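Here the structure is laid out as structure tokens; the discussion comes afterwards.
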Amino acid sequence: TDTASLSTDESNNLQTYINKDYGFSFKYPSTWSGQINKTNNGAIQRLLQFDISPNKSFFQSFLGAHISIMLINDQDSPTDWYKKNIDLGPFETSSTNEVQYESKNLTINGYKTFYVKQTTSSYTDNTYVLSDGKDYIVYMTFRESEKHYSTNGTIDQSNDYSQYLPVFSQIVNSIEFN
């Protein structure tokens, strides 16, 4: 049974997502509404998605300012898992055609972490992959900006969500495996 709950930390105006079954928690702003999603697709558990763009249609909710958090049952290192499952090109700081990558290995709260910033002509994504060092990997991604193009190739809509990067960083830095 998947047991997840939200609690409020009044001192910092944060809520805590706690998943007791997987021994995992993180904090996020209490003003955000997240959808707890218990979808299990094999080894991947999509846990929570925050939609931080107000007044969006159903279709638009799949685009734009949102943070996606997934838990994966895997014993690979964060770097190996990313390269095996998400690998879209070269790493380190590089660019190929229209895609630029910036990546680095980090340690967050004592957990091995792989960070990738991927920039294309259409979007910029920031992704962190953290490992508990045993059985689980947490995959967190945030779309920093996006551009939608019309059929004639001109930019139809452009959105910049970079003001949420410090909050995304706060969420990532609050992850704990219990």
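Might you let me know whether the stretch 102-114 holds any residue that is at pLDDT below 90 and not aliphatic (A, V, I, L, M)? No, the conditions are met nowhere in the stretch 102-114. Within the stretch 103-125, if we keep just the residues that are out of contact with any His (no Cβ under 9 Å at 6 or more places or on another chain), without any contact (Cβ under 8 Å) to a residue 40 or more places away in the chain and in a loop (DSSP other than H, G, I, E, B), the residue that is surrounded by the most Cβ atoms within 10 Å (Cβ to Cβ) turns out to be 120. Within the stretch 161-177, restricting attention to residues that are assigned to a helix (DSSP H, G or I) and among the aliphatic types (A, V, I, L, M), the residue that is nearest to residue 145 (Cα to Cα) is 165. Counting only residues that are assigned to a strand (DSSP E or B) and either surrounded by fewer than 15 Cβ atoms within 10 Å (Cβ to Cβ) or modelled with pLDDT of 90 or more (or both), the stretch 126-151 holds 8 of them.
Could we say that residue 156 is of a type outside the set (A, V, I, L, M), open to solvent by 40 Å² or more (accessible area, probe 1.4 Å) and within 15 Å of residue 78 (Cβ to Cβ) here? Judged against the criteria, residue 156 is not a match.
Checked against (1) at pLDDT below 85; (2) open to solvent by 40 Å² or more (accessible area, probe 1.4 Å), residue 94 meets all criteria but (2).
The values are calculated or read from the model by the stated rules, or taken from the named source; none is laboratory data. Predicted, not measured: the structure shown is a model, and the values here were computed from it. Glycine gets a Cβ as well: all are built from the backbone with ideal geometry, and neighbour counts include every protein chain shown. Side chains included, ligands, DNA and RNA excluded: accessible areas come from the protein's heavy atoms. Shrake-Rupley method; radii C 1.70, N 1.55, O 1.52, S 1.80 Å.
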